[in-house]
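Visitor: I have a structure I would like to understand better, so I am pasting it below and will then ask my questions one at a time.
Bear in mind these aren't lab numbers, they're just calculated from the coordinates by the rules spelled out. Predicted model, so just to flag it, every value in this text is computed and none were measured. Cβ placement follows ideal geometry from the backbone for every residue including glycine, while neighbour counts extend to all protein chains displayed.
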Amino acid sequence: MKLTFSWQDAAGRETPCCSSVIVNKDGVSLLACLLMDDGGQGYLGTVPWIDEGIAKVDAVLGGEITEGNWDRDDWGAKLKSDEAVIYSLNDEDYKEVIDLTVLRRALVAWREFVQSVPDTNIKKEVEI
C-alpha cells in the first residue's frame, strides 16, 4: 500500500496531508483520515497521540494485550492480533480492515513526516 504525504497551505499555515491509493467506494481512505485526525490540536499536538497508537499496536503485536482501541475525535482503530479495523466514530458503517503491521508502519512514517520541516513543495511517497 502506498501513502502520499504532503504539506498543504490552509489559511496561511502549513498542514500535513495524507492520501492513499486504496480508497473505499466513496473515494475515501479511512487510514488517511485516521492519520490526519488532529483532534483540533494542530498536527504537532498529535505526536504524543501517534506515540500512544504505536505503543498500543506494539502491545498487541507483542502479546501483552489481546486487543485494544485507539481513537481520536472522528476516527478510531480496533486493534487485534493480526488486523486493525479503522472506523468512523460518526458512522458505524464506515470501516476498513488493514493488517496491524501496516498500521504500525503508517503511524511511524506519519510521525516522522509531521515532525519534519513544513514545505508545500515536498511530496513524500511511502510504501507501507
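Visitor: Keeping to pairs on different chains or 8 or more places apart, tell me how many lysine pairs in the stretch 42-128 have Cα atoms under 17 Å apart.
Guide: Number of lysine pairs found: 4.
Visitor: Continuing with the same structure: With springs only between Cα atoms under 10 Å apart, run a GNM on the chain and tell me which of THR66, THR15, THR101 wobbles the most.
Guide: THR66
Visitor: Another question, if that's okay. Where is the GNM fluctuation largest for the chain (alpha-carbon springs, 10 angstrom cutoff): PRO16, PRO48, PRO118?
Guide: Fluctuation is largest for PRO48.
Visitor: For the chain, find the longest principal axis of its Cα atoms and tell me its angle to the long axis of helix 100-114, 0 to 90°, nearest 10.
Guide: With both axes taken from Cα atoms, the answer is about 30 degrees.
Visitor: Residues with beta-carbon under 9 Å from that of ASN69, excluding ASN69: net charge, scoring Lys, Arg +1 and Asp, Glu -1?
Guide: Values: positive: LYS56, LYS78; negative: GLU67, ASP71.
That works out to 0.
Visitor: Next up: Per the helix-only calculation at 222 nm, which mean residue ellipticity applies to the chain, given -39500 (n - 2.57) for every DSSP H run of n ≥ 4 and division by its residues, nearest 500 deg cm²/dmol?
Guide: Values: 3 runs with 37 residues, N = 128.
Estimated from H runs of four or more residues: -9000 deg cm²/dmol.
Visitor: Once both axes come from the Cα atoms, what is the angle between helix 47-61 and the longest principal axis of the chain, in degrees from 0 to 90, rounded to 10?
Guide: 30 degrees
Visitor: So what are the three principal axis dimensions of the stretch 2-127 from its Cα atoms, in whole Å, longest to shortest?
Guide: Here the spans come out as 43, 30, 27 Å, largest first.
Visitor: Note down the relative contact order for the stretch 2-127 as a percent, whole number, built from C-alpha pairs under 8 angstrom at least six residues apart.
Guide: Numbers: 203 pairs, mean separation 37.1, N = 126.
Averaging sequence separation for qualifying contacts and normalising by length gives 29 percent for the stretch 2-127.
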